[in-house]
Structures are given as C-alpha cells and as structure tokens.
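What follows is calculated from the coordinates using simple rules that are stated; it is not laboratory data. Bear in mind the structure is a predicted one, so any value in this text is a computation, not a measurement. Ideal geometry is used to build each Cβ from the backbone, glycine not excepted, and the neighbour counts take in all protein chains shown.
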Amino acid sequence: MMSFRNLDYIGKGKSMNKQGVLKRARKGIAGYLFILFPLALLLTFNIIPMLFGFGMSFTEWNGIQPAKFIGLDNYKKIFTNDSVFNTAFLNTIKFSITSVVGGITIAFILAILIDRITRFQAFFRVSYFLPVVTPMVVVALIWTLIYQDKGLLNYILSIVGLDSVGWLTDRKIAMYSVVVTSIWQGMGFSMIIFLAALQGIPNHLYEAAKMDGANFFQQVRHVTIPGLKNTFAFLAVYGTIGGFQVFDQIYVMTGGGPVNSTQTIVYWIYSNFKQLNLGYSSALSYVFFMILLIISIIQLKIFQKNNY
Amino acid sequence: MKKKSNILHGFIYLALSLGLILNFAPLAWMVSTSLKKPNEIFRMPPQLIPETFQFSNYLKVFELVAFEKFYINSIIVTVLVTVITVIITSMAGFAFAKIDFPGRNFFFFLFLSSLMIPFHVIMVPLYRIVVSFGWVDTYAGLILPQISTAFGIFLMRQFMYSVPDSILEAAKIDGSSTFHTFRKIVIPIQKPALATVAIFTFNSSWNNLLWPLLVTNSENMRTLPVGLALFKSVRNIDWASVMAASVMTLVPVIIFFIFMQKQFIRGLTGGAVKE
C-alpha cells in the first residue's frame, strides 16, 4: 500500500481503483474544502433564488403583506392579458435580430479588412475593441447626447438638407437608435472572434481560389464565409442570448418609452419589480428563462449539425 | 498584379481609417462636451474643440452628486469581487481538474448548469433573499451576490489540466500539503489564467448597473454606473457634468486597457475564442 500510486491524491478521470467511496472522500477532503466557498455562494445566490422564485411565481405578493397563493394566474395573465409583455417580447426579438445581424455584418467586414493588412494591424484591432471595454451606462449617455433634438446627429442631417429626427422620441425610430448604440458598443467583440477564426482558414484554399482567378470578393464569398460558418453560428446565438437580456441601454436612454416602443422583457420584469408586483415579476422571469432555454436548445441543434 | 494589390491595400486602409473616425467620434464628443460651457453644448454648428477648456465642469460633478462616494464604492466593490472570484475559482478549478473526490462530476455539473441561468432570471428572488439578510445598502449585499463563479471555474479547470501531474506528485512526496502545493506551485505557473478571469470579472463588475441599482437605496452606497444613470434623470440635465462624470468613469478602464491590451482582449473573449 505504500506504492507511489497511492500517494497521489491526483486523478484526472474517474477513480481508477477499487477504493471505497469513504476512503476516496477522506483522501479527497481537500477537494471539498477547495470548492466549499463557491458552492455556498452557488447555493445561496443561484439555486435557492431559482427555487424561491419558482414558488413566488404562483403568488401575489408585494413584499410587505403575506404572499397569497393564486396558482397559475400570473402565467395566465402573461399569455392572455398583458399587452405590454406582448410588446416587450416582440421588441426584444426586434432588438436582438437587428443588433445581431447589424453587429455581425460590420464586425465581419472589419475583420476581413484588418486580416488583409500587414501594418498597423494591432492598432486597428485595439482601436475597434475600445468601445467593448466602455461601460454600457457611459455608452448610453454619450449616445443620448448625440441623439438629442439639437444634437450632433440632427446637425449632420441638416447639413445634408434633411429634417430633424426624434431619435429617442419617435416611437418608430427609438428602438433602432438603441440598436445602433448597442452595435457600436459590441461589434469589437465579434470582430476579435472573427479575426481569431480567420487564422484557422488554411492559406492554400485562398491560393487555389486565386489560381482559379477569383478576385477579393469571390474569395470572401467562396472561401472565407464557408470557412467561418461555425463562427457565424456561434456569434448569432451568443448575440441573441445577450440581446434578449438588454437592460442598461433601455434604462438610461428611453426608460421603455415612448409609449412602450422600447419596452423589453427584462425592463418589464424590472418595472413590475419596482411596482412591487413581486409574484408577477417572478412569473415573468420564469417565462423569460424558458424563452432563453428554447434558444439554447436551438443553439445546441445548430452546433451539432455543424459538428461544432 | 503587384500594383492591383497596392490599390486594394490603399482602399482597405482608407476604409478602416474612415471607420475609425466613426468609431472614435462618440468618445471624442464625450470629452469635448465635458469641457464646454453650457451655452456651447448645443450650439450650431457644433464645435469639436471648445472655446475655452472648462475643467471646472469636472469639479462641479463632485458638488452636484456624491461622486467621490460612487468612486470609492465602485473601487471597493470591484476590487473585492475580483479578488474573491480569482481566489475561489482558481481553487475550485484546481480541485475539479486535479483532485479526486466522490461527487466531483456532480458538483461540477451543478456549477456548469448555473451558467444557463442568467442573472435577470433570478434577480427578484435574489433581492428578497438579500433583504432577508438585512443586506440592502451594505457592501456585503453589493459584493457577494455579484460573485458568479461558474464561468471562472469552468475556465480555470481547463487551464489547470495543463499542470503536469508529476510536479504535484513530487510536491506531495516532499510532504507539501494540497493547499501549499496549490499556492506555491500551481498559482505561479497559472498567472495568465488568473489574469484572464480577473479582467473578465473586473470589467463586468465595474460596468454592472442592474444589481447595484436594485440593492442600494441611499446615495452613499451607489456605484459609478448607478450614480451616472441617476445623474441623468435629474431635471435640467447638465450635459457637461454628465459627460465629465462619464470621462472619469471610463478613465480607469482605459488605463488598464492600454497597459494590458492582450490580457484584456483575451479576458473579455476568453470563453468564446476556441484555441
């Protein structure tokens, strides 16, 4: 029993020998100690809230008086009698799709351009990444200023001879203004992912394409885009899940307005929480969770299909 | 052929430079506005360079709101969240990669599955739990629920696999305890991993708006994002001061970013870039 094998508390896979569980537990006691603190945090601040929230979602509760059990009423209300949720859901989809499509397109163009050049590559990478590290509250404030009636953007329109636009006050436009802000902040992230993925496309494919007389655009179309298929899929899903959680921009720039035109799911959960509809906001949270789960399952399917 | 490629390169540099102007314009506008006099802010045509630099706008921020409190709170919260996260995720990551104990896979799965639960889903019950602890308007309430370890543990575990078993065995034979081995041998060779998790955590904590917004009521406990966001909701918004406050919020991040670009980019994309 004094062999080296038994000296080691180390093991990558499953326990290889027939030691009893107790003996393994005693030897691996350090393992439990090492995960104790994060496990306590996980229980207290993730798992318990998750269960507690599930219970809350079946109640009417304002946090002061005792909670009243009302069964599925909250969920019924969400799906049949909450027009704001409907609007918020559609707005959230609109936000996610436009910001993802716009962001990925711009990031892709930047990435293939930066990938082509030899000098100042690092400079461009870092510069375009800068907005990613900028706090969203700061970003939202800057753009709110730019979007003011007498702001920079309307001035630029006036030079071209166009009328002023109510960037954050026109309900047909406000959401797209928020989208532009979000794209500006997030595109550097996608760009870096694209640049990393571009390294993985073998050079001989480009050589072969050139041999066939393919120009720059044809190379992009027939070599780069197919080669980055998985990256596109990853960024689309990652961006969609992130997009569904949009809150900061809405909170700072529009407060969900005008007339709910920028209302989103998370903002609606927050608003109900603020109005002390705790049971209802918990039910909204669970519906939100289910929506994200469905997106994740779709994600899994896409990745499996692409052998990702 | 050569000439053609030169022209192409010229166009690429031109396009990237024009893009860069658009990319930097909002930030430049922020700095410019922060130095303007009130009557200059919406002047037509807009001026990028203010007539005179009103550095007093920066001082005014501290008169209008308790900005120095926001700053101190943000630093305390961000530093503690980051330090605690790095310590406990590196330990847990090491345990999951290198220590054999019953239930290891189960616990790891538990952490991993919590990645599926976005913060927004649990924020309402989480707030109620923090209320029942009496932690509203306290540092404990600001800090502890912000420490989400799942992603860090996942990342650390990947890194920890690269530590050779032979080193750990040798240390064990020399009579080193698991913790001692971890601290003296594992940590020094895993600095890049620690930096990755640290930067990721630092950035999300410094920028976090929603949780501090929920869990603080008094102005004295606000962090920078909350303070900034509520600053704006004041009537007759003073844009010069708001932009000055924004600059001051952004500056520490930019300084970190400039000195540690590589680590930053790796840290913020760490979970995403597959290498």
Do the sum for chain B: with -39,500 (n - 2.57) for every DSSP H run of n ≥ 4, divided by all residues, what is the mean residue ellipticity at 222 nm, to the nearest 500 deg cm²/dmol?
-22000 deg cm²/dmol
Mind checking the dipole of the stretch B:2-54: about its Cα centre, +1 per Lys or Arg Cβ, -1 per Asp or Glu Cβ, Debye to the nearest 20?
360
May I ask you to list the aspartates and glutamates whose Cα is less than 15 Å away from that of B:K60, ignoring any residue fewer than eight positions away on the same chain?
B:E68, B:D238
Would you list, by chain and number, the aspartates and glutamates whose Cα falls below 19 Å from the Cα of A:K77, excluding same-chain residues fewer than 8 positions away?
A:E60
Any idea what the relative contact order of chain A is, in percent, if you count C-alpha pairs under 8 Å spaced at least 6 apart?
28
Place a +1 charge on the Cβ of each Lys and Arg in chain A and a -1 charge on the Cβ of each Asp and Glu, then give the dipole magnitude about the Cα centre in debye, rounded to the nearest 20.
1380
Among B:T82, B:T149, B:T181, the residue with the largest mean-square fluctuation in a Gaussian network model of chain B built from Cα contacts under 10 Å is B:T181
At what distance in angstrom do the alpha carbon centres of the stretch B:84-118 and the stretch B:169-219 lie from each other?
13
Taking only C-alpha pairs under 8 Å that are 6+ residues apart, what is the relative contact order of the stretch B:65-269 in percent?
36
Place the peptides A:125-137, A:202-214, B:237-249 in order of packing, highest mean first, counting for every residue the other Cβ atoms within 10 Å and averaging per peptide.
B:237-249, A:125-137, A:202-214
Report the Cα centroid-to-centroid distance between the stretch A:196-266 and the stretch A:31-70 in angstrom, as an integer.
36
Which links in A:K301/B:K98; B:K98/B:K184; A:K150/B:K37; A:K94/A:K301; A:K76/A:K301 stretch past 20 Å when you go from one Cα to the other?
A:K301/B:K98; A:K94/A:K301; A:K76/A:K301
Charge dipole of chain B about the Cα centre (unit charges at C-beta), most positive-ward option of B:M243, B:V83, B:L224
B:M243
Using alpha carbon centroids, what distance separates the stretch A:113-152 and the stretch B:13-38, in Å?
8
Work out the length of the dipole vector of the stretch B:65-269 about its Cα centre, built from +1 on the beta-carbon of each Lys and Arg and -1 on the beta-carbon of each Asp and Glu, and round it to the nearest 20 debye.
180
Among B:Q47, B:L22, B:L8, whose Cα sits farthest toward the positive end of the charge dipole of the stretch B:2-54 (+1 at Cβ of Lys/Arg, -1 at Cβ of Asp/Glu, about the Cα centre)?
B:L8
Which aspartates and glutamates have a Cα less than 20 Å from the Cα of B:K262, not counting those fewer than 8 places away in the same chain?
A:D115, B:E275
